[in-house]
Structure formats: structure tokens, C-alpha cells
Amino acid sequence: MIKVIFFAALREQLGCGGTEVSAKCASTVAEVKDALGKKDESWQNYLANNSLLCAVNHQMVQGDFSVKAGDEVAFFPPVTGG
Amino acid sequence: MNISNLTEISIQTEDFDHGFEVDLLEKNNVEDGAVVTFSGRVRNKNLGLKVKGLFLEHYPDMTEKLLADIIETAKQRWNIGRVKVIHRIGQLAIGEQIVFVGVTSKHRQDAFAANEFIMDFLKVKAPFWKKELTELGEIWLEAKASDKEKAQTWSK
């Protein structure tokens, strides 16, 4: 399985801090997003937001980045710390 | 802290003592003549709205790693000694401290520049998110283009 986690506004929009996606359903970050949209249709709009960022195993990546079982994929809005 | 180039990063819910942090940067550190600190606090107004407080969330593990990368880049670029970065998370009230960046160096220019560099990249890279509690309810802050532009000036 691929562990998926959400932060900040996205976490509140989805009403959930995280979930899992089967590695059989997704080989890239973009496919993880697609699989999440199929899991819950109400999530599609929120996940379609182009400003969302993604990290795999704590490294910032783009949508075509490859993922495998055991990876941690995080989706979140642009950061606002400091 | 006895080592001249020590780096410390702390993500914490509790407040910090600014004076104590400066003492740590200076203690047994006779090589560095300059100490530059920045601290950021919760303002009472933002975007025309009265702010009652802030909630700060972060991505554990990734935050520390990213801050360490930013500090490492600063150490390669400038001749600096000790670096301390503190960032608070959780519920914060108006006037409370949010962030501290302290940098020492032999002469002031390196510490000034490195401190600003660390803050600029913390703003645009470190996975923290602020939710403001305003007179109109809770609002997640949006990233500012001006912060991104400011960070980009370092690559010129």
C-alpha cells in the first residue's frame, strides 16, 4: 500500500488526515490523485486544485514522480509558515 | 553549545526565551563577533481583518529535514558559526512569538545575510501552515507571491 496524507486546508476540505491507496492502482503521484478521486467523488474538486503541492517520502516532487508500495505521499497547499 | 558551528532546530508548542537563545549563541563562542536574531510574532490585524489568534500546523519529519537543508545551504554560502531556528506550532495568541532565527559569524555581513536567507526560504519551503482566527471566523492563510519573489532574489 501507499500511505497518503493531507495537511491544512486540504485536510479540512477532505475531512480526513490520510488514507491508503493500493500500489497496483497507481505508479505515479498523478495516478495516486486519480485513485483518491475514484475512492470518493467529492474529493475530485479539491484534489484538482493546481496550486496543491506534493511530497514523496518528505521530498518535494512533481506529478510524474514514480511511487511504489511503502511510500508516503503527502498533498498540501502552498506553505505559509514563519 | 560548545561547538563553534553548531546547528539546532526546534519545532515546539511551548514559547521560547529570546534572551536565553541569544545566550546560547554567545556562550563559549569567542570566535564570532556578530549575533543576528530575527523573531516573528502574531499580529493583531491581517488583510484588513482583526486577528484573535493563530493555529499553526506542520508536516513532522519533513519540516526538520527542510530547515536543515536551508541552513546547510546558508553555511555553504556564508562564513557563519552557530545557527538556531525555533518554530512554534499549535494555538498562538496575539503578540506571541512564532519563529526565531539566530545566526552568529565573525563579522556582521555574513550573519545578517544568512539570517535573512534562512527566514526567506523558511517562508516558502518549510511545510508550515497558518490558520487565522479572525472576526469573520477561521481562515487558512494563502501563500504570498511577494514571499516567493523575495526568496528568488537570492538566486540572482
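Annotation note: of B:Gly81, B:Gly19, B:Gly48, the sole residue that is free of Cβ contacts under 8 Å to residues at least 12 places away in the same chain, farther than 27 Å from B:Leu141 by Cβ and either touching a strand residue (DSSP E or B) at 6+ places or on another chain (Cβ under 9 Å) or among the small types (Gly, Ala, Ser) (or both) is B:Gly19.
Do the conditions hold for A:Lys24, that is, is it open to solvent by 30 Å² or more (accessible area, probe 1.4 Å) and either of a type in the set (Gly, Ala, Ser) or assigned to a loop (DSSP other than H, G, I, E, B) (or both)? First the steps, then the outcome.
Working: open to solvent by 30 Å² or more (accessible area, probe 1.4 Å): yes; either of a type in the set (Gly, Ala, Ser) or assigned to a loop (DSSP other than H, G, I, E, B) (or both): yes.
Yes.
Can you tell me how many residues within the stretch B:117-137 are assigned to a strand (DSSP E or B) and within 9 Å of chain A (Cβ to nearest Cβ)?
Going residue by residue through the stretch B:117-137, those that are assigned to a strand (DSSP E or B) are B:128-134, B:137.
Narrowing the set further to residues that are within 9 Å of chain A (Cβ to nearest Cβ) leaves B:128-131.
The qualifying residues number 4.
Quick grid of which residues meet (1) crowded, with 18+ Cβ neighbours inside 10 Å; (2) of a type outside the set (S, T, N, Q); (3) under 12 Å from A:Gly82 (Cβ atoms):
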{"residue": "B:Met119", "(1), (2), (3)": "yes, yes, yes"}
{"residue": "B:Trp129", "(1), (2), (3)": "yes, yes, yes"}
{"residue": "B:Gly137", "(1), (2), (3)": "no, yes, no"}
{"residue": "B:Leu141", "(1), (2), (3)": "yes, yes, yes"}
{"residue": "B:Lys148", "(1), (2), (3)": "no, yes, no"}
{"residue": "B:Gln152", "(1), (2), (3)": "no, no, no"}
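Looking at the stretch A:42-53, can you tell me whether even one residue there is open to solvent by 30 Å² or more (accessible area, probe 1.4 Å), away from chain B (no Cβ under 14 Å) and assigned to a helix (DSSP H, G or I)?
Going through the stretch A:42-53, the residues open to solvent by 30 Å² or more (accessible area, probe 1.4 Å) turn out to be A:42, A:44-46, A:48-51, A:53.
If we keep only those that are away from chain B (no Cβ under 14 Å) as well, we get A:42, A:44-45, A:48.
Among the residues that remain, those that are also assigned to a helix (DSSP H, G or I) are: A:44-45.
The answer is yes, given that some residue of the stretch A:42-53 is open to solvent by 30 Å² or more (accessible area, probe 1.4 Å), away from chain B (no Cβ under 14 Å) and assigned to a helix (DSSP H, G or I).
One residue stands out among those in the stretch A:27-41 that are open to solvent by 40 Å² or more (accessible area, probe 1.4 Å) and closer than 21 Å to A:Val79 by Cα: the one that is farthest from the other protein chains (Cβ to nearest Cβ), which is A:Ala30.
The values are calculated or read from the model by the stated rules, or taken from the named source; none is laboratory data. Note that this is a predicted model, so its numbers are computed, not measured. Ideal geometry is used to build each Cβ from the backbone, glycine not excepted, and the neighbour counts take in all protein chains shown. These accessible areas exclude ligands, DNA and RNA; they are computed on the full protein's heavy atoms, side chains included. Shrake-Rupley method; radii C 1.70, N 1.55, O 1.52, S 1.80 Å.
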